[in-house]
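K.L.:
Following this message is one structure expressed as structure tokens.
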Amino acid sequence: MKILVCISNVPDTTTKIKLNGDQKSVDMTGVQWVINPWDELALTRAMELKEQSGGKIDKITVITVGEKTVEPTLRKALAVGADNAVRIDTVPTDDYYVAAQIAEYLKKEPYELIITGIESSDYNGSAVGGMLAEFLDAPSISSVSNISFEGDAFVMKKAIDGGNETVTADTPMVAVVQKGIAIDPRIPAMRGIMMARKKPLLVEAPVEIEALTEFVNFEMPKPKPPVKMVDAENVAELFRLLHEEAKVL
Amino acid sequence: MSVLVYTENWDGKFKKSSFELVSYAHAMSGQAGGEAIALTIGEVANEELEKLAQYGATKVLSIVGDAYKEMDAALYAQAVAAAAQANGCEIVLMANNNEGKGIAPRVAVKLKAGLVSGATALAQSFDPFVVRKNVFNGKAIGYQQIKSANKVVTLAQNSFEIMENPVAFVAEIFDADAAESKTNVSAVDKVTDKLLLTDAEIVVSGGRGMKSGDNWGPLEELANVLGAATACSRPVSDEGWRSHEEHVGQTGKIIAPDVYFALGISGAIQHIAGVSSSKVIVAVNTDPEAPVFEAADYGIIGDLKTVLPRMVEEAKAFKANS
């Protein structure tokens, strides 16, 4: 069995976002790039599954759509433990475009389980996993909070309102993972970093597909009015404000 | 241009978020010179369906049948796409919640439609079709254009005021011709009597400043008095003081209540990312420099040991008078 983990290359969560002068794009100078946090947890879980499978899961591949500049992020994923990496060599213009590129790769190179994180922390799309599944006519399980490997099957816990469902699916399947999938991301060890340099990183040419959306401009959120302080001795005032001023109680 | 709005139902009932969606669909179809047509999957009584007409849905389609007992995203997406096509809707709208995130991307591929996830306003323009959404977890706002003829939009919670727009409506059964499911649900584990965190209009949340898992009594009492759900920050669930189910933040649940009480929560950026869509944030913290006060609308500097019991008393007094 093989697992493909889709990786997005995003600015570190603590990055201060600045816009370029024309407001048409985000200024990425000096940004620290990382594996999208959800994808990092997905990779961590994939590694755990492989280690516990007694050899039944024999390969974990990470894939991303991006130009050469994203390779350090793929190398980091290799250092964490992925067996090989694939980069589709093009600018990831929108979710539809990215999903279509990965789907084309999967048509040539099938995997039993494909994992994507619920959302990328840059453009907050939440869409690549579901789109990919639809392109492949494969089942997709969203809101997955745990994956286990039992017998020869992947068993997923899917979060629903007030609880969860236990779900299995035909392969290939796409799992869109969220909170709970792994507690902490695995940090690459020195040995992993050394080995990562020698692991295969395959570069694939993109297929011709049209992106269907585009960001036309950006703006910064309006500064929030400063917090209104209430005296700790006068908590009644807080409830008066919530009722009369904010009108939320 | 008509709008097909997918309104999820919960055991045959709609929620506030369903009415928010239909209000938005009505306003958007008005902008576009079309109608708002609602679609729901599963058995819903007629008087419940009629509620959607109160917010502007001129037609309500229902899909029923055993094939749809479990939410299989592939089948649901197929049904939504078929209903949109059969009714000439170029825009498909749904909530940016668990179910919407599962279905919308598949619908987009089926209809070869561009997708905007988490729209926060009506379309800024129709030609070109441009919608506003938050990007970088709310640190910036992006205007995303959909270039395809068909369009799929998911609406972020609490982004649109519910507006009554009573219209005459027709209810119809829609047959979506379900394919064979490729997923199998073997067990369901669900608590039904508890107020869901993601539904709650008021949320009372505790952080490390609560000092210990044993100190949650007054926080729960405050929640109880206000009819609120309880939540916590990541360190609290990591410590095992509260269940992981209650963790809100970037890597936990994303919530958007009317009021969020952050008690003893310092307000790390990852935490704020999960609650920043709340209408009002109230913070109580001993540290006047805590970053939570930058995100909060109202703040109290003080020790929870004394402030929290006062809040319980004042909440009771407030409830008694209202």
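The values are calculated or read from the model by the stated rules, or taken from the named source; none is laboratory data. In this text the structure is predicted, and so the values were computed from the model without any measurement. Note that we place each Cβ from the backbone using ideal geometry, even for glycine, and neighbour counts take in every protein chain shown.
K.L.:
Taking the condition of being without any contact (Cβ under 8 Å) to a residue 60 or more places away in the chain and basic (Lys, Arg), how many residues in the range B:29-85 meet it?
P.N.:
2
K.L.:
Just name the residue that is nearest to the other protein chains (Cβ to nearest Cβ) out of those in the range A:146-166 that are of a type in the set (Asp, Glu) and assigned to a strand (DSSP E or B). Full working, then the answer.
P.N.:
Here is the first cut: in the range A:146-166, the residues of a type in the set (Asp, Glu) are A:150, A:152, A:161, A:165.
Keeping just the survivors that are assigned to a strand (DSSP E or B) gives A:150, A:165.
Working: A:GLU150: 11, A:GLU165: 5 Å.
Per the criteria, the residue is A:GLU165.
K.L.:
Restricting the search to the range A:207-221, which residues are within 14 Å of another protein chain (Cβ to nearest Cβ) and either in contact (Cβ under 8 Å) with a residue 12 or more places away in the chain or assigned to a strand (DSSP E or B) (or both)? Full working, then the answer.
P.N.:
To start, the set of residues in the range A:207-221 that are within 14 Å of another protein chain (Cβ to nearest Cβ) comprises A:209-221.
Selection gives A:ILE209, A:GLU210, A:ALA211, A:LEU212, A:THR213, A:GLU214, A:PHE215, A:VAL216, A:ASN217, A:PHE218, A:GLU219, A:MET220.
K.L.:
I'm told B:PHE126 meets every condition in (1) at pLDDT 95 or above; (2) surrounded by fewer than 23 Cβ atoms within 10 Å (Cβ to Cβ) except one. Can you identify the failing condition by its number?
P.N.:
Of everything listed in (1) at pLDDT 95 or above; (2) surrounded by fewer than 23 Cβ atoms within 10 Å (Cβ to Cβ), B:PHE126 misses just condition (1).
K.L.:
Step by step: first the residues of the range A:75-92, then only those that are within 26 Å of B:ALA108 (Cα to Cα) and surrounded by fewer than 17 Cβ atoms within 10 Å (Cβ to Cβ), then the one that is nearest to the other protein chains (Cβ to nearest Cβ). Which residue is that? Walk me through how you get there before you give the answer.
P.N.:
Filtering the range A:75-92 down to residues within 26 Å of B:ALA108 (Cα to Cα) leaves A:86-92.
Next cut, surrounded by fewer than 17 Cβ atoms within 10 Å (Cβ to Cβ) only: A:89, A:91.
Details: A:ASP89: 23, A:VAL91: 16 Å.
Only one residue fits best here, namely A:VAL91.
K.L.:
So, A:GLU204, is that one within 7 Å of chain B (Cβ to nearest Cβ), surrounded by 15 or more Cβ atoms within 10 Å (Cβ to Cβ) and at negative phi or not? Explain how you work it out, then say what you get.
P.N.:
On the way: within 7 Å of chain B (Cβ to nearest Cβ): no; surrounded by 15 or more Cβ atoms within 10 Å (Cβ to Cβ): yes; at negative phi: yes.
Criteria not met by A:GLU204.
K.L.:
Further, regarding this structure: Can you go through B:ALA32, B:ALA83 and tell me which one is among the hydrophobic types (A, V, I, L, M, F, W, C), over 20 Å from B:GLU172 (Cβ atoms) and more than 14 Å from chain A (Cβ to nearest Cβ)? Can you show your working first?
P.N.:
Values: B:ALA83 fails: over 20 Å from B:GLU172 (Cβ atoms).
That would be B:ALA32, the only listed residue that is among the hydrophobic types (A, V, I, L, M, F, W, C), over 20 Å from B:GLU172 (Cβ atoms) and more than 14 Å from chain A (Cβ to nearest Cβ).
K.L.:
Which one of A:PRO37, A:PRO72 is at pLDDT below 95 and surrounded by fewer than 24 Cβ atoms within 10 Å (Cβ to Cβ)?
P.N.:
Numbers: A:PRO72 fails: at pLDDT below 95.
Exactly one of A:PRO37, A:PRO72 is at pLDDT below 95 and surrounded by fewer than 24 Cβ atoms within 10 Å (Cβ to Cβ), namely A:PRO37.
K.L.:
Hey, does the range B:269-276 have a residue that's assigned to a loop (DSSP other than H, G, I, E, B), more than 9 Å from chain A (Cβ to nearest Cβ) and not basic (Lys, Arg)?
P.N.:
Here is the first cut: in the range B:269-276, the residues assigned to a loop (DSSP other than H, G, I, E, B) are B:276.
Then drop every residue that is not more than 9 Å from chain A (Cβ to nearest Cβ), which leaves B:276.
Now drop any that are not not basic (Lys, Arg), which leaves B:276.
Yes.
K.L.:
Is the range A:47-67 home to any residue that is of a type in the set (Val, Ile, Thr), within 14 Å of another protein chain (Cβ to nearest Cβ) and within 19 Å of the chain's Cα centre (by Cα)? Let's see the steps before the verdict.
P.N.:
Going through the range A:47-67, the residues of a type in the set (Val, Ile, Thr) turn out to be A:57, A:60-65.
Of the ones still in play, those that are also within 14 Å of another protein chain (Cβ to nearest Cβ) are none.
Checked against the condition, which is being of a type in the set (Val, Ile, Thr), within 14 Å of another protein chain (Cβ to nearest Cβ) and within 19 Å of the chain's Cα centre (by Cα), the range A:47-67 yields no hits at all.
K.L.:
Considering only residues that are at the interface with chain A (Cβ under 10 Å from one of its Cβ atoms) and within 26 Å of A:LEU249 (Cα to Cα), look in the range B:235-247 and name the one that is surrounded by the fewest Cβ atoms within 10 Å (Cβ to Cβ).
P.N.:
Only one residue tops the list, namely B:GLU245.
K.L.:
Could you check B:VAL284 against (1) assigned to a helix (DSSP H, G or I); (2) within 11 Å of chain A (Cβ to nearest Cβ) and say which number it fails?
P.N.:
Single failed check for B:VAL284: (1).
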